[in-house]
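*Asks:* I have a structure I would like to understand better, so I am pasting it below and will then ask my questions one at a time.
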Amino acid sequence: MGQVDGKVAIVTGGASGIGAASAAILAREGAKVVVTDIDVSGGTAVAARIANAGGEAVFLEQDVTDEARWEEVVAETERRFGRLDVLHSNAGIARRCLLVETPLEDWRRVQAINLEGVFLSLKHAIPAMRRAGAGSIIITSSIAGIFGTPLNAAYCATKGAVRLLAKSAAAECAVLGDSIRINTIHPGVIDTPLWTKFGGEVPGLPEQLAEAWALLGRPGTADEVAAAVLFLASDASRYMTASELVIDGGLTGGRIRPPRPETSPKAQPA
Ligand SMILES: NC(=O)c1ccc[n+]([C@@H]2O[C@H](COP(=O)([O-])OP(=O)(O)OC[C@H]3O[C@@H](n4cnc5c(N)ncnc54)[C@H](O)[C@@H]3O)[C@@H](O)[C@H]2O)c1
């Protein structure tokens with residue numbers, strides 16, 4: 001029996017990276033998955049890979065900034081699969097730019113996808129989960145929603161905002177008596193195509209950052225983040241709402257990687 005057997009899930013930004021891994025693990029653990037993205041070929045390939053592995057998935061083209069399309073995606077999910085139990089609101093973009101050089105248009109694009117897209121996802125998924133009787137929503141924030149990083153102002157602003165948007169929405173659902181849990185995940189440096197777009201001009205940037213900052217000394221994988229999504233989607237996390245799960249190899253908790261064994265104090269003669 002899978003950990004999310006019989007549940008119906010929507011995963012946004014599901015064509016690539018963390019979203020693709022999340023769609024795959026949810027399907028492997030028994031969910032029917034609606035993969036959505038603006039990337040049609042990538043999203044179609046993810047749904048096909050899930051089907052080839054014996055899972056159930058469908059791809060729907062979706063720009064998360066388009067409210068009318070949110071109505072259609074939720075309606076189509078209920079039409080095909082009868083209900084909506086899980087939403088992984090994950091689509092996001094990053095732009096590496098000095099704050100004083102950030103064009104307003106770029107700032108607005110990052111807000112539109114990373115923040116307004118999440119707002120629209122909540123606005124349209126919550127009523128469907130009420131109809132289903134319960135639900136779990138997982139929002140992909142970031143360690144950049146916990147502390148500030150340079151060349152990243154627009155992104156940090158959105159990732160911090162969705163952290164509290166999730167808590168507010170979770171509180172509202174609780175007050176209204178809904179069995180809908182809403183939590184954020186905060187990945188650290190994760191090896192996905194996002195880094196090509198964010199810092200592609202700096203070779204090995206994710207490896208450099210992880211080596212310098214993460215206690216575990218390496219970037220994480222999309223699968224390692226998806227494992228946390230599965231936990232929050234499943235009933236194993238039933239006592240968690242308005243919470244934050246950090247998956248960052250110890251980057252925020254420790255900040256300074258321990259010395260290598262050969263330079264460790266324990267290796268020095270007494
Ligand atoms: N990779 C990391 O180190 C890292 C760390 C922390 C948080 N995150 C967050 O994880 C999430 C997934 O990122 P990823 O690393 O897998 O990157 P990715 O670039 O591999 O995937 C992002 C996906 O979002 C899609 N997308 C972009 N704009 C969209 C729109 N308007 N509507 C629908 N889909 C859209 C893209 O087509 C892509 O498939 C993002 O929210 C990102 O901010 C990533």
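The values are calculated or read from the model by the stated rules, or taken from the named source; none is laboratory data. What you see is a predicted model, and the numbers here were worked out from it, not measured in a lab. Quick reminder, even Gly has a Cβ in these numbers, built from the backbone with ideal geometry, and neighbours come from all protein chains shown. Remember, those area values only see protein heavy atoms, side chains included, never the ligands or the DNA or RNA. Shrake-Rupley method; radii C 1.70, N 1.55, O 1.52, S 1.80 Å.
*Asks:* Would you work out what percent of the accessible area of segment 108-251, with all protein chains in place, is carbon or sulfur (probe 1.4 Å)?
*Replies:* Here carbon and sulfur together make up 60 percent of the probe-accessible area.
*Asks:* Rounded to the nearest 0.05, what FRET efficiency is calculated for Phe147 and Leu176 with R0 set to 35 Å and r the Cβ-Cβ distance?
*Replies:* Between Phe147 and Leu176 the formula returns 0.60.
*Asks:* Calculate one ³J(HN,Hα) per residue across segment 185-190 by plugging θ = phi - 60° into the Karplus curve 6.51 cos²θ - 1.76 cosθ + 1.60, and present them in order as whole Hz with x for glycine and proline.
*Replies:* 10, 10, x, x, 8, 10
*Asks:* Pull up all non-local amide H partners of Ile247: gap of 5 or more, or a different chain, and H-to-H distance under 5 Å with H placed in the peptide plane.
*Replies:* Excluding prolines and chain starts, which carry no amide H, the hits are His186, Gly188.
*Asks:* For helix 67-81, report the angle its Cα long axis makes with the longest principal axis of the Cα atoms of the chain; keep it between 0 and 90° and round to the nearest 10°.
*Replies:* Result, in degrees: 70.
*Asks:* Could you tell me which residue out of Phe231, Gly43, Ile126 lies farthest along the dipole of segment 8-267 toward its positive end? Charges go on the beta carbon: Lys and Arg +1, Asp and Glu -1, centred on the Cα centre.
*Replies:* Checked the options; the winner is Phe231.
*Asks:* Also: Sum -39500 (n - 2.57) across every DSSP H segment of at least 4 residues in the chain, then divide by the residue count to get the 222 nm mean residue ellipticity, nearest 500.
*Replies:* Result for the chain: -13500 deg cm²/dmol, rounded to the nearest 500.
*Asks:* Return the distance in nm (one decimal) between the two label points of a simple spin-label model at Glu211 and Glu78, each offset 7 Å from Cα along Cα→Cβ.
*Replies:* So the label points at Glu211 and Glu78 sit 5.2 nm apart.
*Asks:* Okay, moving on. If Arg130, Arg181 are ordered by their accessible area, calculated over protein heavy atoms with a 1.4 Å probe, which sequence runs from highest to lowest?
*Replies:* Most to least solvent-accessible, the answer reads Arg130, Arg181.
*Asks:* Tell me, in nm to one decimal, what length is gained between Ser41 and Arg109 on full extension, where the rule is 0.36 nm per residue of separation less the Cα-Cα distance?
*Replies:* Gain on extension, Ser41 to Arg109, equals 22.2 nm.
*Asks:* Now for a different question. Sort 46-55, 97-106, 150-159 for me by packing, meaning the mean count of neighbouring Cβ atoms within 10 Å per residue, highest on top.
*Replies:* Highest to lowest by the protection proxy: 150-159, 46-55, 97-106.
*Asks:* Over the chain, what is the relative contact order in whole percent, taking alpha-carbon pairs under 8 Å and six or more residues apart?
*Replies:* For the chain, the relative contact order is 18 percent.
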